[in-house]
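The values are calculated or read from the model by the stated rules, or taken from the named source; none is laboratory data. No experiment lies behind these values; they were computed from the predicted model shown. Glycine also receives a Cβ, built like all others from the backbone with ideal geometry; neighbour counts cover every protein chain displayed.
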Amino acid sequence: MKNLTDALLTWYAQNGRDLPWRTKGGAAPDAYAVWVSEIMLQQTTVQTVHDYFLKWMRRFPTITALAEASLDEVLHAWQGLGYYTRAKKMHECAHVVVEVYGGHFPADRKKLLELPGIGPYTASSICAFAFNQPETVVDGNVIRVIARLYGIQNEINKNDIYERAQKLTSLTHGADYASAIMDLGATVCRPQNPLCMICPWVQACEAAKRGIAEEIPVLKKLAKKKKEGVVLAVWDKKGNLFIQKRKGKGLLSGLWELPWTDDGMHFPFESKWTDHHKKIRHVFTHFDLTLSLFSTTVESTPPALKDGTFVSKAELSTYAFSTLMKKVLKALP
Ligand code: SF4
């Protein structure tokens, strides 16, 4: 095991990626930056996160700056990354870290897990990357590398992968090791066309020996639901568009939107609706949504729309919209 761990660390020192939230050769100095990058990287690619991260750190350079910002500002900065509950939880978490820990993340997994929006994966990542602890961090890249290394052809069992990954984790270079195995998965042990010839683990790798790397890992396929509905552009006589702030605790709450449904063709009030024959498609984690775009012009605010406001097209950019609603705004005539 030690040989594999050392071989990977040597490979990483020469080939690891330079990323703005990372420090090669030890722990990252700023746990706040590690935390921001980890939350952004959930379900989003490194390439996309790169620019968002730099922009975010310019806007909120410290956790205190984030805690002092309004939720609207935070959501606005998060626009385009999706999963807005994450941004809301980050804002909550920033308040707790500032109030309870004086603006410094605790170097303790248990205490990290008590913070809003920090689950086992993020807690392990912060412990490894920011505090150099020997935490085992298992993401999609790590699952692929470990499954191939051991030639696992059955459906993936995450506990089994975790246990195998744990045995390889460096006890002294937690930060570099966690980065190294992720980089190996991202740049060498790629989903397609893995570069086994240049892999530091090729001599030990079962999948490479048997020529079955691309058949691994075997993941469970989830059937996705499909939903359909309408999205409504309601204009006033001056050409202003009606928008409303989403209430409740759901994924999109706190963001601005046009009225829409995801359970069929329902219109909130009687009017002369124009069908634009445009379909807006959006993929959520658990379902695929298709919205048909309709519009109408009203003399005055219909009672069904009382909880919103009419804004000019020029003002729209000052409101925080989800990626779905940005697609809708782009589709407007
Ligand atoms: S040898 Fe090939 S399949 Fe095995 S871990 Fe390395 S890149 Fe992946």
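List of remarks:
- Helices (runs of 4 or more DSSP H) lying entirely in segment 120-189 (those with 2 or more residues that are buried (at least 16 other Cβ atoms within 10 Å of the Cβ) and more than 16 Å from the ligand (Cβ to nearest atom)): 120-131, 174-183
- Residue list for segment 104-117, filter: surrounded by 21 or more Cβ atoms within 10 Å (Cβ to Cβ) and either within 16 Å of the ligand (Cβ to nearest atom) or free of Cβ contacts under 8 Å to residues at least 60 places away in the same chain (or both): 112, 115
- Where a residue in segment 314-328 is closer than 17 Å to residue 239 by Cβ and its partner, wherever it lies, is small (Gly, Ala, Ser) and assigned to a helix (DSSP H, G or I), with Cβ under 9 Å and at least six apart: none
- Among the residues of segment 219-263, those that are more than 20 Å from residue 297 (Cβ to Cβ), out of contact with any strand residue (DSSP E or B) (no Cβ under 6 Å at 6 or more places or on another chain) and of a type in the set (Gly, Ala, Ser) comprise 223, 248, 250, 253, 254.
- Residues being more than 25 Å from the chain's Cα centre (by Cα), assigned by TED's automatic domain parsing to the domain that holds residue 139 and under 29 Å from residue 149 (Cα atoms) are entirely absent from segment 29-39.
- Yes/no for residue 202 being within 30 Å of residue 320 (Cβ to Cβ), among the β-branched types (Val, Ile, Thr), at pLDDT 95 or above and not in a helix (DSSP H, G or I): no
- Of all the residues in segment 219-237, those that are more than 23 Å from the chain's Cα centre (by Cα) and loosely packed, with under 13 Cβ neighbours inside 10 Å number 1.
- Positions within segment 205-218 being part of a helix (DSSP H, G or I) and either free of Cβ contacts under 8 Å to residues at least 60 places away in the same chain or near the ligand (Cβ under 10 Å from one of its atoms) (or both), in sequence order: 206, 207, 208, 209, 210, 213, 214
- Test: residue in segment 75-91 that is more than 27 Å from residue 187 (Cα to Cα), over 16 Å from the mean Cα position of the chain (by Cα) and in a loop (DSSP other than H, G, I, E, B): no
- Among residues that are more than 28 Å from residue 89 (Cα to Cα) and over 23 Å from the mean Cα position of the chain (by Cα), residue 307 is not included.
- Top-ranked residue of segment 4-59 - restricted to ones that are without any contact (Cβ under 8 Å) to a residue 60 or more places away in the chain and acidic (Asp, Glu), ranked as surrounded by the most Cβ atoms within 10 Å (Cβ to Cβ): 6
- Among all residues of segment 114-125, there is at least one that is of a type in the set (Ser, Thr, Tyr) and touching a helix residue (DSSP H, G or I) at 6+ places or on another chain (Cβ under 6 Å).
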